[in-house]
1. Loop-only check: which chymotrypsin sites (Phe, Trp or Tyr not before Pro) in region 77-107 are DSSP coil with at most 12 other Cβ within 10 angstrom?
2. At each listed q (0.09, 0.11, 0.13, 0.17 Å⁻¹), what is the log10 of I(q)/I(0) that the Debye formula gives for the chain modelled as equal alpha-carbon point scatterers?
3. Tally Lys/Arg at +1 and Asp/Glu at -1 over every other residue whose Cβ is under 10 Å from the Cβ of residue 240; what's the total?
4. Any idea what the alpha-carbon Rg over 2.2 N^0.38 Å comes to for region 80-143?
5. Using Cα pairs closer than 8 Å and at least 6 residues apart in sequence, work out the relative contact order for the chain, in percent.
6. Quick one: 3J(HN,Hα) in Hz for region 182-191, Karplus 6.51/-1.76/1.60 with θ = phi - 60°, rounded, Gly and Pro as x.
7. Please give me the summed charge of the neighbours of residue 85: other residues whose Cβ is under 12 Å from its Cβ, Lys and Arg +1, Asp and Glu -1.
8. How high is the FRET efficiency from residue 131 to residue 247, r the C-beta distance, R0 30 Å, rounded to 0.05?
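Just so it is clear, none of the values below were taken in a lab; they were calculated from the coordinates. Worth saying up front: this structure is predicted, and the values here are computed from it rather than measured. As a convention, Cβ positions derive from the backbone with ideal geometry for all residues, glycine included, and neighbour counts pool all protein chains shown.
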Amino acid sequence: MHLHLSTRQEIESYLLRSQGILIPIGSTEQHGPNGLIGTDSICPTAIASHAALQADLLVGPTLTLGTAQFNLKFPGTISLRPSTLMRVVEDYVQSLASQGFQRFYFLNGHGGNLAPVRAAFQEIYMQHSLRVQESLSPRCRLRSWWELPETNTLRQSLYAEREGAHATPSEVAMAQYAFPEHIKDVSLGAWHPVSLEYLRNHAGDDHFDATDHRRRHPDGRIGSDPSLANPVDGQRLLETAAAELLQDYRAFLAEE
Ligand code: NI
């Protein structure tokens, strides 16, 4: 069930059955020579939609813009400031919380969203914690699809060190499965691995500015080899992630 394809009466009766909502969140940014600019939004949206086919759960509108300032020197990238994303997340949650929603599960497709979205959660909790009278705060979770354990094992087993950190074969493969008519037939240059030290220093997309970023990664990949991507892998990854997501979402709803 998708919020934007429902009527207000349908949401009213959904709220009698569940107070949870699943929200895909991504980014609109370059994804290397053969990756779609919408990859980070396409992946969590496709995973959440697949999970929603198998269970009575509500999927909210995808947040397609994230924080990606480091990719702004690549045309097509649109970035929110971290402070803007925080406000968007707070307003999204508080709008629905005011109507009775209580559990907000964000399925994330972009590392750069981790810090601002978690900071937004803390802002929301802070408003409740400061109140003299006890009030029930909405609860939020942020999970990136690649941290789901079986999905993570699968992508490592398919691509090992060629998975890399950005424009990864696993995300490109899922987008290929979701949009086969948009598979790009382009030849990629040689694979350039990045060091463990680089990955540690820039974890969670903690990159420097956009000029520096384009100079370091001229074709937009970070240590990945997305020439390995194919829609068959994409289907396996998507179905594995959707099954794990369903379990993880249900556990979140059931938490004390
Ligand atoms: Ni991505």
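1. Numbers: sites: 92, 101, 104, 105, 106; in loops: 101.
In loop regions of region 77-107 (DSSP not H, G, I, E or B), there are no sparsely surrounded chymotrypsin sites (Phe, Trp or Tyr not before Pro).
2. The computed values of log10 I(q)/I(0) come out as -0.40, -0.59, -0.82, -1.31.
3. On the way: positive: 155, 236; negative: 150, 239, 244.
In short, -1.
4. In units of the 2.2 N^0.38 Å rule of thumb, it is 1.10.
5. Numbers: 460 pairs, mean separation 64.9, N = 256.
Across the chain, relative contact order equals 25 percent.
6. 10, 5, 9, 9, 10, 8, 9, x, 4, 6
7. Working: positive: 81, 87, 118; negative: 90, 91, 123.
Its environment carries a net charge of 0.
8. On the way: r = 34 Å, r/R0 = 1.13.
According to the calculation, E is roughly 0.35.
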